[in-house]
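Heads up: the structure comes next, in structure tokens.
Readers should treat all values here as calculations from the given coordinates under stated rules, not as data from a laboratory. Every value quoted in this text rests on a predicted model; they were computed, and no experiment measured them. Cβ: placed from backbone, ideal geometry, glycine included. Neighbour counts: every protein chain shown.
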Amino acid sequence: MLLDLARPPRSADIASFRDDVLAGLAARPRAIPARWLYDRAGSELFEAITELPEYYPTRTETALLAAHGREMGRITGAGRAVIEFGSGSSAKTPHLLSAVAPAAYVPIDISGEFLRDSSAVLAGIFPDLPILPVEADFLRAIPLPWAIARLPKLGFFPGSTIGNMAPRAAVDLLRAMAETLGQGAMLLIGMDRVKSEEILIPAYDDAAGVTARFNLNLLHRINRELGGDIPVDAFRHRAIWNDAEARIEMHLEAMRDIAFAVSGRRFAMAAGETIHSENSHKYDPRSARLLLSAGGWTPLAEWTDAQGLFALILAEA
Ligand code: AVJ
């Protein structure tokens, strides 16, 4: 059963998009926060990425949930409220919900339209499960629906979304989640592992060019929503492994000298200059546990695939 969507005003979103873009284009190096990649079109392109042969994280994580869900459910116990941070298309969510037999499901996402659609799909699969979608930015602690106040909580943060954040911001996010979920909560989190560049680079620069379209969509979005005239076809997608920071970086690289305007402000870029648009941090087993501890979570158990590509970690507050 799908209950009403909590919907905050939208004008604030446009204002913070504009602030982030103008500040990011003026900064050196130029960088725009990755969250702005995920409008409707961006979220759909990301869904297409998850089905690419080169993009191992989604299928590896889904297989881990399918293979070990019952064991996870034995540790969490039944009857929790499952709170999913960044509900996405929720292809893996049914595996978790079947395994942990929750009393309610609360997907939280910044993209309201996407949230509504994915919640409707899950309501079809689990007709008796109360579903309470919340449209919000979960980077800060959020008040949860009153209807689940008395239930023990299980946070679900799959997909290595935590990898978008530098460790310092990731710790802040983990602490915000602990505050959102409260005492006695558990958290099941997906974290991508450090591995060879031969696997990592194609995963973020696929042969079909879907990741390139995902990245370039940010420029289309800026043009559309912020009145920009960026010549999008003068840019190309780049995926780089930054070994010192243990992360994949996505950049938008100008292929020639260009000038453009956004919201009435003028910018110039020389050929070869880039706009840094996303980070995807990777963790080895120890650094993953260290990050969780710093964020206020005690690791209880973890599951990984035979090649050690990806890990799901269960922790308690
Ligand atoms: C949604 C942040 C988990 O880092 O793998 C995939 C984003 N960007 N391909 C990732 C992404 C390009 C993805 N996360």
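For the chain, divide the Cα radius of gyration by the Kirkwood radius and give the resulting Rg/Rh value with two decimals.
Details: Rg = 19.6 Å, Rh = 20.3 Å.
Value, to two decimals: 0.97.
For the pair Ala294 and Arg256, a Förster radius of 41 Å applied to the C-beta separation gives a FRET efficiency near 0.40, rounded to the nearest 0.05. For Val106, the residues whose amide H sits under 5 Å from its own are Val82, Ile83, Glu84, Leu132, ignoring neighbours fewer than 5 places away on the same chain, with H placed 1.01 Å from N.
Would you tally the net charge around Glu253, using a Cβ to Cβ cut-off of less than 9 Å, leaving Glu253 out, and scoring K and R as +1, D and E as -1?
Numbers: positive: Arg236, Arg238; negative: Glu273.
Cβ neighbours under 9 Å give a net charge of +1.
Using a simple charge model, +1 on the beta-carbon of Lys and Arg, -1 on the beta-carbon of Asp and Glu, nothing else, what dipole does the chain show about its Cα centre, in debye to the nearest 20?
Values: 32 positive and 39 negative charges, 128 e Å.
With Lys and Arg at +1 and Asp and Glu at -1, about 620 debye.
Using R₀ = 51 Å, calculate the FRET efficiency as 1/(1 + (r/R₀)^6) where r is the Cβ-Cβ separation of Glu179 and Ala207; round to 0.05. For Glu179 and Ala207, the calculated efficiency is 0.75.
3J(HN,Hα) along the range 118-127: 5, 5, 5, 4, 5, 4, x, 7, 10, x Hz, from the Karplus curve 6.51 cos²θ - 1.76 cosθ + 1.60 with θ = phi - 60°, whole Hz, x for Gly and Pro.
Please compute the length gained on full extension between Ala23 and Ile75, using 0.36 nm multiplied by the number of residues separating them and subtracting their Cα-Cα distance. Don't skip to the end; give the middle numbers.
Values: separation 52, 0.36 × 52 = 18.72 nm, distance 4.53 nm.
Result: 14.2 nm gained on full extension.
Under 16 Å from a label point set 7 Å out along the Cα-to-Cβ vector of Arg266, the amide N atoms of the range 12-29 belong to 26. From least to most packed, judged by other beta carbons within 10 angstrom and beginning with the fewest, Glu278, Glu316 follow the order Glu316, Glu278.
The Rg/Rh ratio of the range 59-207, with both radii computed over alpha carbons and Rh defined as the Kirkwood radius, is 0.96.
Amide H contacts of Leu300 (H built 1.01 Å from N, in plane; Pro and chain starts excluded): Leu314, Ala315, Glu316 sit under 5 Å, all sequence-distant by 5 or more or on other chains.
Among the trypsin sites (Lys or Arg not before Pro) in the range 252-300, those placed in a DSSP loop whose Cβ has at most 16 other Cβ atoms within 10 Å are Arg256.
For the pair the range 40-108 / the range 193-255, the C-alpha centres are spaced 25 Å from each other.
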